[in-house]
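The values are calculated or read from the model by the stated rules, or taken from the named source; none is laboratory data. It should be emphasised that the depicted structure is a prediction, and the values quoted were computed from it without experimental measurement. Positions of Cβ are generated from backbone atoms using ideal geometry, with glycine treated the same way; all protein chains shown enter the neighbour counts. Just so you know, the surface numbers come from the protein's heavy atoms only, side chains and all, with ligands and any DNA or RNA stripped out. Shrake-Rupley method; radii C 1.70, N 1.55, O 1.52, S 1.80 Å.
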Amino acid sequence: MTQMTYRVIQWATGTVGAASLKHFIENPVIDLVGVYVTNPDKAGKDAGDIVGLPKTGLTCSNDAETLIAMDADCVLFAAAQSPTLLDTVCRLLASGKNVVSPAGPFLPNKWYPDETARIEAACREGGTSFHGCGVHPGFSGDILPLTLARLMNRVDSIEVTEIIDKVRNPMIYTEIMGFGLDPDELLANPRRSPETYKAFYSSMDLLAKGLGKEIEKVTVKFEVSKAKKDIEHLYGVVKAGTVGGQHYEWTAWVEGAPLIVYHFYWQLGEDLDPLWEAGEARYSVVIKGDPPLQCDLMGGMEADGRRPFYGLPWTGLVGATAVPAVCDAPPGIVSHFDLGVVQPRGLVRR
Ligand SMILES: NC(=O)c1ccc[n+]([C@@H]2O[C@H](COP(=O)([O-])OP(=O)(O)OC[C@H]3O[C@@H](n4cnc5c(N)ncnc54)[C@H](OP(=O)(O)O)[C@@H]3O)[C@@H](O)[C@H]2O)c1
């Protein structure tokens, strides 16, 4: 069976972008034709050097204009959040390249009408497709529970929980998220704004629509837990009595009752009061109904007996494995519904 190949540009090589870059170098159905980097230390390096692979002969570039002008089938756009992000995505789409992006908007939704219109216009201009991807939003809270619901007779409610111990799985977000602050201060000024549910709304909406329902409203809850002692983490120390855990809860209501609840538990270890969730980092989908169902999505166990959190690499990979399907899709914004069952190519390599 001959396999079609796809010419791909990797845009930015942070944690997410490095995972997709490594995949593109190793996947025989992908022809990596460009790598955009912002970091001056990475510019001029071979793409293989960025991800610990042998030389590829392809040099990373910080020349955005040249890459935008290049011919390619698709761009995996994994840049940091910035005010110019949407401009660049639209220019890439208008230039004739499909875009798969974990950088958002995941799927434009009613909260982002201007962004939606701009992306659609750029897709029309370039005859291209845009697909927002990610582990959450993008997978754990939408296509995963929707697929699991096929094992149910009746669905009463769906809870999707992200649990991450940020001591075991250090992330740059630790300080940005307000760990170590006075609890009252953070409660009054949450770092992940309660409005953030709007970014996840596409995911909840996709799940509700997949079940033939419309969301009426989303309600928000935010609570914090306190460190019971000083907690050391990769980026510093969180003092006893300050914020050591955070729980965001977003509930989508359908027909006057909660249908979909997203929980985000981010904790620094387990010496916390209260300790909401213990154990390994995971996404947990609990569907109440007939018959009840639970599915935990977690990394494989490593030699130290632990399961690392792979949310960021998964975000790069769920986008990278969708590239052929997005390239083959008709122009416009393409969701999981438009892609159907994605058939990832080039993964089985003996
Ligand atoms: N949907 C989801 O589930 C999900 C999950 C996680 C992350 N995300 C999104 O995915 C994107 C990548 O996340 P990440 O964890 O890989 O972030 P990251 O590690 O901070 O990497 C982002 C990369 O963007 C480049 N960059 C830095 N400053 C920039 C700027 N001002 N403008 C454009 N690019 C810049 C850099 O690339 P170089 O190092 O190559 O120079 C940097 O390494 C983010 O937008 C994030 O919000 C989505």
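Mind listing whichever residues of segment 258-282 are out of contact with any Ser or Thr (no Cβ under 8 Å at 6 or more places or on another chain) and aliphatic (A, V, I, L, M)?
Within segment 258-282, Ala278, Ala281 qualify.
Out of the residues in segment 192-216 that are among the basic types (Lys, Arg) and at pLDDT 95 or above, which is farthest from Asn169 (Cα to Cα)? Spell out the reasoning first.
Of segment 192-216, the ones among the basic types (Lys, Arg) are 192, 198, 209, 213.
Applying the additional criterion that residues be at pLDDT 95 or above yields 209, 213.
Values: Lys209: 34, Lys213: 36 Å.
Per the criteria, the residue is Lys213.
Take the residues in segment 49-67 that are closer than 15 Å to His23 by Cβ and β-branched (Val, Ile, Thr), then tell me which one is nearest to the ligand (Cβ to nearest atom).
Only one residue fits best here, namely Ile50.
I want to confirm something. Restricting to segment 138-156 and keeping residues that are assigned to a helix (DSSP H, G or I), open to solvent by 10 Å² or more (accessible area, probe 1.4 Å) and of a type outside the set (Lys, Arg), which single residue is farthest from the ligand (Cβ to nearest atom)?
Of all residues in segment 138-156, those assigned to a helix (DSSP H, G or I) come to 143-151.
Cutting the leftovers down to open to solvent by 10 Å² or more (accessible area, probe 1.4 Å) gives us 143-144, 146-151.
Pick out the ones that are also of a type outside the set (Lys, Arg) and you get 143-144, 146-149, 151.
Numbers: Ile143: 12, Leu144: 12, Leu146: 16, Thr147: 17, Leu148: 19, Ala149: 21, Leu151: 24 Å.
For segment 138-156, the residue satisfying everything is Leu151.
Working carefully through the options Val100, Val135, find the one that is outside any helix (DSSP H, G or I), of a type outside the set (Gly, Ala, Ser) and touching a His at 6+ places or on another chain (Cβ under 6 Å).
Val100
Looking only at segment 110-131, decide whether some residue is in contact (Cβ under 8 Å) with a residue 40 or more places away in the chain, away from the ligand (no atom under 13 Å from the Cβ), open to solvent by 30 Å² or more (accessible area, probe 1.4 Å) and over 23 Å from His336 (Cβ atoms).
No - not one qualifying residue is present in segment 110-131.
Restricting to segment 143-157, name every residue that is out of contact with any Phe, Trp or Tyr (no Cβ under 9 Å at 6 or more places or on another chain) and in contact (Cβ under 8 Å) with a residue 24 or more places away in the chain. If you could, list the steps in order and put the result at the bottom.
Applying the first criterion (out of contact with any Phe, Trp or Tyr (no Cβ under 9 Å at 6 or more places or on another chain)) to segment 143-157 yields 143, 145-157.
Scanning segment 143-157 gives Ile143, Pro145, Leu146, Leu148, Ala149, Leu151, Met152, Asn153, Arg154, Val155, Asp156, Ser157.
Quick check on my filter: what residues within segment 8-29 are more than 12 Å from the ligand (Cβ to nearest atom), under 19 Å from Met70 (Cβ atoms) and either of a type outside the set (A, V, I, L, M) or touching a Ser or Thr at 6+ places or on another chain (Cβ under 7 Å) (or both)?
Hits for segment 8-29 are Phe24, Ile25.
Just give me the residues in segment 73-106 being of a type in the set (Asp, Glu) and touching a residue at least 60 places away in the same chain (Cβ under 8 Å), in sequence order. Spell out the reasoning first.
Restricting attention to segment 73-106, the residues satisfying the condition of being of a type in the set (Asp, Glu) are 73, 87.
The answer is Asp73, and nothing else.
If you go through segment 226-249 one residue at a time, do you hit one that is of a type in the set (A, V, I, L, M), modelled with pLDDT of 95 or more, in a loop (DSSP other than H, G, I, E, B) and at negative phi?
Yes, some residue in segment 226-249 is of a type in the set (A, V, I, L, M), modelled with pLDDT of 95 or more, in a loop (DSSP other than H, G, I, E, B) and at negative phi.
Please tell me if Asn62 is open to solvent by 70 Å² or more (accessible area, probe 1.4 Å) and either in the same structural domain as Ala79 (by TED's automatic domain parsing) or touching an Asp or Glu at 6+ places or on another chain (Cβ under 8 Å) (or both).
Details: open to solvent by 70 Å² or more (accessible area, probe 1.4 Å): yes; either in the same structural domain as Ala79 (by TED's automatic domain parsing) or touching an Asp or Glu at 6+ places or on another chain (Cβ under 8 Å) (or both): yes.
The answer is yes for Asn62.
I'd like to verify a number: residues in segment 12-43 that are open to solvent by 50 Å² or more (accessible area, probe 1.4 Å) and in a strand (DSSP E or B), how many?
Qualifying residue count for the region: 1.
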